[in-house]
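Since every read-out is calculated from the coordinates, none of them should be taken as a lab result. Being a predicted model, the structure only gives us computed values, none of them experimental. Here the Cβ positions follow ideal geometry from the backbone for every residue, glycine too, while neighbour counts run over all protein chains shown.
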Amino acid sequence: MRFRAKIVDLACLNHFSRVINTIAKLAKTCALRLTVSKLYFILSDKVANGGVSMWCELCQGNFFDEFQMEGVAAEHNEIYLELVPENLSRALKTAQNAKAVKIKLTNKHCPCLRVAVELPSLSSSSRMVTHDIPVGVIPRRLWNDFREPSVPDFDVSIYLPVLKTMKSVVERMKNLSNSIVIEANLSGEMNLKIETDLVSVTTHFKDLGNPPWASEDGCQSSTQSRDLESMAEARIDIRKLLQLLAGQQVNPTKALCNIVSKRIVHFILLHEDVSLQYFIPALA
């Protein structure tokens, strides 16, 4: 089992750092799955996370100049590690103007991801800063716990408004309630609502558009038979929604959410070479 990678391009390094910062805001610990072509950061929907789950997928070729990986076995050419993303985020903060960053899986006293940052220096020799980040190796028998979550059979799928706008609305609402109702329909309308004994506040968004989803057989998905004006809604923990809106540094080119009425809200943020999925369960 071996892994080593290197980033030289500064734009790629900064982009990778932003993705890791986002993961660190969303998960205290997560699984890192390494394959030959991709990296995945995974938070599975354990009750300990309040049922929240996350799946973030990166194409390694868009970030790394060198990437070598040998999995646990020839027929299972993958590595699954458990780590605290905040530790990786901190290590990359020292690399903002780096000439290169090398990441390597080591096992001296315990398994670690070694992040070696080569910094520019005034002399001919370069300065190296090394961080050893402890990781746990997830055994093969547990890999099934970290499979990609399936896209739920949603009632409504809708593009999100500008995330900064949405964040400022939700931040204000957080002071009034612990939960928020997200509702949307197939006419591109979405409402954010809070209702307490003392106050009821609704913010309306219009003309957002609805993504065209195809079902397994290539036909338009089952939502097409739904009344276009009919709202699907879910009440979710407002802090978990704000965690996503305030924590994301992916700056997506596309952001959408799928609502399964009264069950789950599934957010998808897409940016060229990164896709981030975040699932928040509905409150009873």
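A few points about this structure:
- Summed over qualifying helices (DSSP H, 4 residues or more, each -39500 (n - 2.57)) and divided by its residue number, the chain shows a 222 nm mean residue ellipticity of -5000 deg cm²/dmol.
- Pairs of Cα atoms nearer than 8 Å and 6+ residues apart set the relative contact order; for the chain it is 19 percent.
- Simple label model, 7 Å out from Cα along Cβ direction - Val84 to Asn175, nm: 3.3
- 3J(HN,Hα) from dihedral phi, the stretch 184-190, Karplus parametrisation 6.51/-1.76/1.60, rounded to Hz, x for glycine, proline: 8, 10, 8, 9, x, 10, 9
- Choice from Glu189, Glu118, Glu229 showing the highest fluctuation, given a GNM over the chain with Cα pairs closer than 10 Å: Glu229
- Near Val101, once Lys and Arg are set to +1 and Asp and Glu to -1 for all other residues with Cβ below 12 Å from its Cβ, the sum equals +3.
- Selected from Phe279, Pro161, Ala73, residue furthest toward positive end of dipole (the chain; charges at beta carbon): Ala73
- When the C-alpha to C-alpha distance is required to be over 27 Å, the pairs from Lys167/Lys206; Lys38/Lys99; Lys28/Lys164; Lys38/Lys206; Lys28/Lys104 that qualify are Lys38/Lys206.
- Three-way shape label, the stretch 2-145, alpha-carbon gyration tensor, a/c 1.5: prolate
- For the stretch 84-89, Karplus couplings with θ = phi - 60° (6.51, -1.76, 1.60), whole Hz, Gly/Pro x: 9, x, 4, 5, 5, 4
- Gaussian network model of the chain, springs between alpha carbon atoms under 10 Å - residue of His266, His109, His204 with greatest fluctuation: His109
- Nitroxide proxy distance, nm - points 7 Å out along Cα→Cβ at Arg141 and Leu228: 5.5
- Residues whose amide H comes within less than 5 Å of that of Val135, counting only those at least five positions distant or on another chain, are Cys112, Leu113 (H built at 1.01 Å from N in the peptide plane).
- For the stretch 128-144, Karplus couplings with θ = phi - 60° (6.51, -1.76, 1.60), whole Hz, Gly/Pro x: 10, 10, 10, 10, 9, 9, x, 9, x, 8, 7, x, 3, 5, 9, 4, 4
- Max mean-square fluctuation residue, GNM over the chain, Cα-Cα springs under 10 Å, options Glu233, Glu272, Glu171: Glu272
- The stretch 241-284 - percent relative contact order, Cα under 8 Å, separation 6 or more: 33
- Cβ-Cβ FRET estimate between Arg2 and Ser150, R0 fixed at 25 Å, reported to 0.05: 0.20
- Rounded to the nearest 20 debye, the dipole magnitude of the chain is 1300 debye, with +1 charges on Lys and Arg beta carbons, -1 on Asp and Glu beta carbons, and the Cα centre as origin.
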